[in-house]
Amino acid sequence: MVAQRELTEAEVDRVFHALATSTRRDILRRTIENEQSVSTLAAEYEMSFAAVQKHVAVLEAANLIVKRAEGRERLVRANPEMIARAKALLARYEELWRSRIARLDDLLAAPAPSAGSTTSTTKNTEPTEHEQGD
């Protein structure tokens, strides 16, 4: 098994951009299930063939799908390696946020310090002679 390298910042940007649109997420989902031609994909959407081709191009630029020619057709399939790398990135973000939430939970669960155990740092609020005026 080949070790996964971390995504570059440019790759992360392309992946998040590609997944930012519901049509592209749907195309990716459909190509995970099985390889499909661009024309078969386009038939499922209320948009032009050219618009679907542009969505496919964005997914391909992010390496989330792979396109190949078979005769006159262009077949599209999901790229499981890039999907796994993106999933690993999201898992790292999830772990980061879970650890932050756990630290916050620990702070909130800690007993409040008692009034007698801390030194008072409050300023005397009674007016001084100068402030009272004569």
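For residues that are open to solvent by less than 30 Å² (accessible area, probe 1.4 Å) and part of a loop (DSSP other than H, G, I, E, B), scanning just the range 34-68, find the one that is farthest from E81 (Cα to Cα). Among them, the one singled out is A62.
Does R74 satisfy the criteria of being surrounded by 11 or more Cβ atoms within 10 Å (Cβ to Cβ) and charged (D, E, K, R)? Yes: the conditions hold for R74.
Only a single criterion out of (1) under 22 Å from R25 (Cα atoms); (2) part of a helix (DSSP H, G or I) is not satisfied by V76, namely (2). For T31, the criteria (1) within 18 Å of A86 (Cβ to Cβ); (2) of a type in the set (S, T, Y); (3) open to solvent by 20 Å² or more (accessible area, probe 1.4 Å) hold in every case but one, which is (3).
The values are calculated or read from the model by the stated rules, or taken from the named source; none is laboratory data. Remember, predicted model here, so these are calculated numbers, not experimental data. Quick reminder, even Gly has a Cβ in these numbers, built from the backbone with ideal geometry, and neighbours come from all protein chains shown. When the accessible area is computed, the model is the full protein with side chains, heavy atoms only, and any ligands, DNA or RNA have been set aside. Shrake-Rupley method; radii C 1.70, N 1.55, O 1.52, S 1.80 Å.
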